[in-house]
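Inspection log for the structure reproduced underneath, given as structure tokens.
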Amino acid sequence: MSDRKPEQTPAQDAPRRGLWARLKRPPQMSLLATVFVGLIGGIALWGALNTGVEWTNRTEFCLSCHEMSIPYAEYKKTVHFSNRSGTTVSCADCHVAGSKHPLDYARKLTLKVLAARDVYGHLMGTIDTPEKYQAKRLEMAQRVWARMKEVDSKECRNCHDFKTMDTTKQKDRSVVRHESAIEDGQTCMDCHKGIAHNTMPPPQQAKAPG
């Protein structure tokens, strides 16, 4: 008995050919309809992307990794968390957000991609104990300082600007240092390291007193 399948007749094969022809032929849409669909799709895609970025920028999300409780406890003791004016910043304000300039949104997305390294570190338990965190503290801080300095401390300048500083309310030493920073083209990270977190190196890296 032959296993050969009977050949389909032209009438039987017509529906398949018709479907393939429709798939190869793009749908007929007017230019206005194409623009409208593209606009709606673009807005939906951008909205979903922005929502995801902002959702993961919340301090609560950052603290979902338990090792972040160590720097958070340090941050809560600083003026960036609690002060007389009641202003505060989140983790993302310093570690993710770019400048307020619209074109710097790309920087925010780039930093979110780089944050995947933090997820990997969390899964691998790189700094999941106080001892491991302390051993990596200086290395992590130096990486953040370098990244901020490369972009002229844009994250700091979102709130702090030489042009709007009231020097009459600053200490004389601060006034002199800020004037020198302007003249020498220095950035915030040149002087204000460790403003929100302890940056003391681990004992084995600390220099012995001379």
So H80 passes all but one of these: (1) part of a loop (DSSP other than H, G, I, E, B); (2) surrounded by 14 or more Cβ atoms within 10 Å (Cβ to Cβ); (3) within 15 Å of the chain's Cα centre (by Cα). Which condition number does it fail? (3)
Count of region 165-199 residues which are of a type in the set (D, E, K, R), part of a helix (DSSP H, G or I) and under 30 Å from Q134 (Cα atoms): 1
Failed condition for H178, given (1) closer than 17 Å to E67 by Cβ; (2) at pLDDT 90 or above: (1)
Only one of (1) assigned to a loop (DSSP other than H, G, I, E, B); (2) within 21 Å of N57 (Cα to Cα) does not apply to T126, and that is (2)
List pairs: first residue in region 133-161 and touching a residue at least 60 places away in the same chain (Cβ under 8 Å), second residue surrounded by fewer than 16 Cβ atoms within 10 Å (Cβ to Cβ) anywhere in the structure, Cβ distance under 6 angstrom, at least six positions apart or on different chains. Q134/P202; A135/P202; L138/P201; N158/K100
Just the residues that are loosely packed, with under 10 Cβ neighbours inside 10 Å and at positive phi, please, taken from region 108-131. none
Here's a check for you: in region 63-77, which residue that is in contact with a helix residue (DSSP H, G or I) (Cβ under 7 Å, 6 or more places away or on another chain) and part of a helix (DSSP H, G or I) is surrounded by the fewest Cβ atoms within 10 Å (Cβ to Cβ)? I70
Are there any pairs, at least 6 apart or on different chains, whose C-beta atoms fall under 7 Å, with the first in region 64-82 and in the same structural domain as G125 (by TED's automatic domain parsing) and the second surrounded by 17 or more Cβ atoms within 10 Å (Cβ to Cβ) and in a helix (DSSP H, G or I), and if so, which? E67/Y133; M68/C62; I70/Y133; F81/Y75
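The values are calculated or read from the model by the stated rules, or taken from the named source; none is laboratory data. Fair warning: this is a prediction, and the values are worked out from it, not measured in the lab. Methodologically, a virtual Cβ is constructed for each residue, glycine included, from the backbone with ideal geometry; neighbour enumeration extends over all protein chains shown.
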